[in-house]
Each structure stands twice: as structure tokens, then as C-alpha cells.
1. From the gyration tensor of the Cα coordinates in the chain, what semi-axes in whole Å does the equivalent ellipsoid have, largest first, with each one equal to sqrt(5λ)?
2. Between the DSSP loop rule and a limit of at most 11 other Cβ atoms within 10 Å, which chymotrypsin sites (Phe, Trp or Tyr not before Pro) in the chain are left?
3. On a straight-distance basis, which aspartates and glutamates could pair with residue 32 in a cross-link, Cα separation under 16 angstrom, same-chain partners fewer than 8 positions away excluded?
4. What pairs in 5/79; 52/79; 46/93; 36/83; 46/83 have C-alpha atoms more than 23 Å from each other?
5. Over the chain, what is the mean sequence separation of C-alpha contacts under 8 Å (at least six apart), divided by residue count, expressed as relative contact order in percent?
6. Through the Karplus equation 6.51 cos²θ - 1.76 cosθ + 1.60, θ set to phi - 60°, convert the phi angles of the stretch 40-52 into ³J(HN,Hα) values in whole Hz; use x for Gly and Pro.
7. Tell me which of 88, 19, 50 sits at the most positive position along the dipole axis of the chain, charges placed on C-beta atoms (Lys, Arg +1; Asp, Glu -1).
8. Can you compute the charge dipole magnitude of the chain about its Cα centre, using +1 on each Lys and Arg Cβ and -1 on each Asp and Glu Cβ, nothing else charged? Give it in debye, rounded to the nearest 20.
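Readers should treat all values here as calculations from the given coordinates under stated rules, not as data from a laboratory. Please read these numbers as outputs of a predicted model, since none were measured by experiment. So basically every Cβ, Gly included, is an ideal-geometry build from the backbone, and we count neighbours across all protein chains shown.
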Amino acid sequence: MDKKKYRTANIIIQTILEGIIRAERNRANEKKGIVKSHLIDYCKLKTSTAEKYLSKLINAGYIDSYEEPWGERTINIYKTTEKGRERYEWFVKINTEMGETI
């Protein structure tokens, strides 16, 4: 039986930042960011786990969040800050040096 490999916090943070940055690059002419549900799917996280990390990243100043109307509902959009883009490069370098990969 295969053992389940758990991701470290650094890998999860790197994955979240990567998901947002990829979305921003793919939508150059639209509002920047990624819908929360798409980000959770990209990162393959449980909603509760994702919310914990997203809250920490907002508090650290790595990402911003805003709401946008979508029909009768509102959706959460996440985008990186300048600090978040810089830290993403740090996480890539640190995780590479530690031999951890996404």
C-alpha cells in the first residue's frame, strides 16, 4: 500500500501563490486574480485548509482579496501583491534547495 505523502506548509503556500500568479498572467486584459473555488481546485486543498492558508497569506500581505458580483451571488477573487510575488520566488528557491517539489 502506498503511503500518503503530505505537503509541507512551504509547498502549500508556494502552490497557492503559483495558482494566483498563473491566473494573473493568463488574464492580462481582464481583472487580475483567480476565483476562490478555482484556486482551491488548482491547489487540491480542502476548503477549510485553503481558507486557513488564504487568511494567513492575506494577513502577511502576500495576497489581496475582493468580492465581485456573479449573478445573485458574490464571489471571492484573490490576487498577489508585490510582496507576494517576491515571496513566491523565495519559496521556489527555498523549496528547491530543500529538495521539496510541488
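1. On the way: eigenvalues 116, 57, 28 Å².
For the chain, the ellipsoid semi-axes come out as 24, 17, 12 Å.
2. Working: sites: 6, 42, 53, 62, 66, 70, 78, 88, 90, 91; in loops: 6, 62.
In loop regions of the chain (DSSP not H, G, I, E or B), the sparsely surrounded chymotrypsin sites (Phe, Trp or Tyr not before Pro) are 6.
3. 18, 24, 64, 67, 68, 82
4. Values: 5/79 28 Å; 52/79 16 Å; 46/93 26 Å; 36/83 20 Å; 46/83 26 Å.
Long pairs (Cα-Cα over 23 Å): 5/79; 46/93; 46/83.
5. Details: 102 pairs, mean separation 32.9, N = 102.
With pairs under 8 Å counted, the relative contact order is 32 percent.
6. 4, 5, 4, 7, 6, 10, 6, 4, 5, 5, 4, 4, 4
7. Farthest towards the positive pole: 50.
8. Details: 20 positive and 15 negative charges, 58 e Å.
Roughly 280 debye, rounded to the nearest 20.
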